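Engineer: The structure that follows is given in the form of structure tokens.
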Amino acid sequence: MSAQTLHKVAGGSPGLPRHIAVIMDGNGRWAKKRGLPRTAGHSAGADSFRKAARYCQKLGIEYLTVYAFSTENWKRPADEVAGIMSLLERYLRQALRDLEKEKVRICIFGDLAPFAPELQKLCRECMERSSVYTGAQVNICLNYGGRDEIVRAAKRWAADGCPELDEDVFGGYMWGGSIPDPDLLIRPGGEMRISNFLLWELAYAEMYFSDVLWPDFDEREFDKAIAAYQHRNRRYGDVGENE
Ligand code: FPP
């Protein structure tokens, strides 16, 4: 579907989401169905993420935020964790090589301290060198937890001397700072829960759940999710235009 088609929506309906968040779920089951190790599923999931980032940029989605590794994912078998780390490293190295071609700002949300020094360095380099691009932004959540983010925000606010507080001020202490909240949360893989993802930021997001596994979540599936979003009536607690 073209950006133009997706922009054409009924009056009163939301247009194109500015910010899409994705829980990239189902990699393990995708691999199992094919008799492959779980890491092969994550590798297919990383490919799916690259394609999704390009497609969102093509459509004019300003922000894409993906859940790549949660604060709870450390409980997984060591070889699976190592596999995900090496995929991340490969992705970041490639992203650094392609920066000028892709022109995407890359941000990492999460505490990098437990990661290997080399991976931390790559994350910082990607964030610094891509910060000049303002057209599209990809946020990769690593060692990320929604509750952890809120607790850290509270600690940073306290360390700043407890300035006058409102929702905007407190939101500014989240990893994304002042970027707009996600309009649409997509969760492929058949589960219907938030799993400690962006608990503060998803307050008014529209939710889209799909049984399609993340490695199979292609452009057509994105089109379906965006089309579903465009048929929602976003009221933000109000009664809405047609009442
Ligand atoms: C959830 O699927 C997926 C993860 C915990 C890891 C996601 C990681 C990647 C897609 C690869 C690296 C990312 C980037 C940004 C390069 P699951 O394993 O829980 O799937 P299952 O529910 O089928 O077992």
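Engineer: Checking the condition surrounded by 14 or more Cβ atoms within 10 Å (Cβ to Cβ), among the β-branched types (Val, Ile, Thr) and in contact with a His (Cβ under 9 Å, 6 or more places away or on another chain), which residue from ILE150, ILE61 passes?
Structural biologist: None of the others qualify; the one that does is ILE61.
Engineer: Go through the stretch 93-117 and give me each residue that's farther than 21 Å from GLU149 by Cβ and among the hydrophobic types (A, V, I, L, M, F, W, C).
Structural biologist: Within the stretch 93-117, ALA95, LEU96, LEU99, VAL104, ALA116 qualify.
Engineer: A further question on this structure: So which of GLU191, GLU201 is within 16 Å of the ligand (Cβ to nearest atom), surrounded by 12 or more Cβ atoms within 10 Å (Cβ to Cβ) and among the charged types (D, E, K, R)?
Structural biologist: GLU191 is the lone residue from the list that is within 16 Å of the ligand (Cβ to nearest atom), surrounded by 12 or more Cβ atoms within 10 Å (Cβ to Cβ) and among the charged types (D, E, K, R).
Engineer: Sort out which residues of the stretch 159-184 are among the small types (Gly, Ala, Ser) and assigned to a loop (DSSP other than H, G, I, E, B), and write them in order of number.
Structural biologist: Correct list: GLY161, GLY172, GLY176, GLY177, SER178.
Engineer: Hey, any hits in the stretch 191-209 for a residue that's among the small types (Gly, Ala, Ser), touching a residue at least 24 places away in the same chain (Cβ under 8 Å) and outside any loop (DSSP other than H, G, I, E, B)?
Structural biologist: no
Engineer: Which of the residues belonging to the stretch 143-188 are closer than 16 Å to VAL66 by Cβ and in contact with a Pro (Cβ under 7 Å, 6 or more places away or on another chain)?
Structural biologist: Scanning the stretch 143-188 gives ASN143, ASP183, LEU184.
Engineer: If you don't mind, there's one more thing I want to ask. Return the total of residues in the stretch 131-146 being closer than 26 Å to ALA82 by Cβ and either of a type in the set (Ser, Thr, Tyr) or out of contact with any Gly (no Cβ under 6 Å at 6 or more places or on another chain) (or both).
Structural biologist: Qualifying residue count for the region: 6.
No lab work stands behind these numbers, since they all come straight from the coordinates. Since this is a predicted model, take the numbers as computed values, not measurements. Neighbour counts run over all protein chains shown; Cβ positions are idealised from the backbone, glycine included.
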